[in-house]
Amino acid sequence: MAIHWRNSQKQARFFALDARAFASVFLFLIHARLWTFIFALVIMAIFWIVERRGLTFESALRAARSWFLGRRRPAFIKTDRRTSIDFE
């Protein structure tokens, strides 16, 4: 039996990529121009690279945010600042 409650959180996939990558393909189908085709290819390539690194789309956004912000967390006062933890 392939249908089980634990499968309800799986990501939607279209062929080999995350289904959200094909929103750009939908844009290309609506507005077929060379720049939208290139845009769709770039978006799908980004999703493919992210998945090859073993990240989901959400975790890739969190990783990019932490990479841009760095170790300093200016929203906290100096006594409440935490350091980054790497669990690898």
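Here is a list: Ala75, Ala32. Which entry is part of a loop (DSSP other than H, G, I, E, B), at pLDDT 85 or above and out of contact with any helix residue (DSSP H, G or I) (no Cβ under 6 Å at 6 or more places or on another chain)? Please lay out each step first, then the result.
Details: Ala75 fails: at pLDDT 85 or above.
Unique residue meeting the criteria: Ala32.
Of the residues that sit in the stretch 58-72 and are part of a loop (DSSP other than H, G, I, E, B) and modelled with pLDDT of 70 or more, which one is nearest to Phe14 (Cα to Cα)?
Only one residue tops the list, namely Gly70.
Among (1) among the charged types (D, E, K, R); (2) touching a helix residue (DSSP H, G or I) at 6+ places or on another chain (Cβ under 8 Å); (3) modelled with pLDDT under 75, which single condition is Arg13 missing?
In the conditions (1) among the charged types (D, E, K, R); (2) touching a helix residue (DSSP H, G or I) at 6+ places or on another chain (Cβ under 8 Å); (3) modelled with pLDDT under 75, Arg13 misses (3) alone.
Does Leu27 satisfy the criteria of being out of contact with any Phe, Trp or Tyr (no Cβ under 7 Å at 6 or more places or on another chain), part of a loop (DSSP other than H, G, I, E, B) and surrounded by 13 or more Cβ atoms within 10 Å (Cβ to Cβ)?
Against the criterion (out of contact with any Phe, Trp or Tyr (no Cβ under 7 Å at 6 or more places or on another chain), part of a loop (DSSP other than H, G, I, E, B) and surrounded by 13 or more Cβ atoms within 10 Å (Cβ to Cβ)), Leu27 does not qualify.
Quick one: is Phe47 without any contact (Cβ under 8 Å) to a residue 24 or more places away in the chain and touching a strand residue (DSSP E or B) at 6+ places or on another chain (Cβ under 8 Å)?
Working: without any contact (Cβ under 8 Å) to a residue 24 or more places away in the chain: no; touching a strand residue (DSSP E or B) at 6+ places or on another chain (Cβ under 8 Å): yes.
It is false that Phe47 is without any contact (Cβ under 8 Å) to a residue 24 or more places away in the chain and touching a strand residue (DSSP E or B) at 6+ places or on another chain (Cβ under 8 Å).
Yes or no, residue by residue, for (1) within 11 Å of the chain's Cα centre (by Cα); (2) not aromatic (Phe, Trp, Tyr):
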{"residue": "Phe26", "(1), (2)": "no, no"}
{"residue": "Ile30", "(1), (2)": "no, yes"}
{"residue": "Ala45", "(1), (2)": "no, yes"}
{"residue": "Trp48", "(1), (2)": "yes, no"}
{"residue": "Phe57", "(1), (2)": "yes, no"}
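Please find, within the stretch 43-57, the residue that is surrounded by the most Cβ atoms within 10 Å (Cβ to Cβ) out of those that are at pLDDT 85 or above and out of contact with any helix residue (DSSP H, G or I) (no Cβ under 7 Å at 6 or more places or on another chain).
Among those residues, the one meeting the criterion is Glu51.
The values are calculated or read from the model by the stated rules, or taken from the named source; none is laboratory data. For clarity, every value in this text was computed on a predicted model and none was experimentally measured. Note that we place each Cβ from the backbone using ideal geometry, even for glycine, and neighbour counts take in every protein chain shown.
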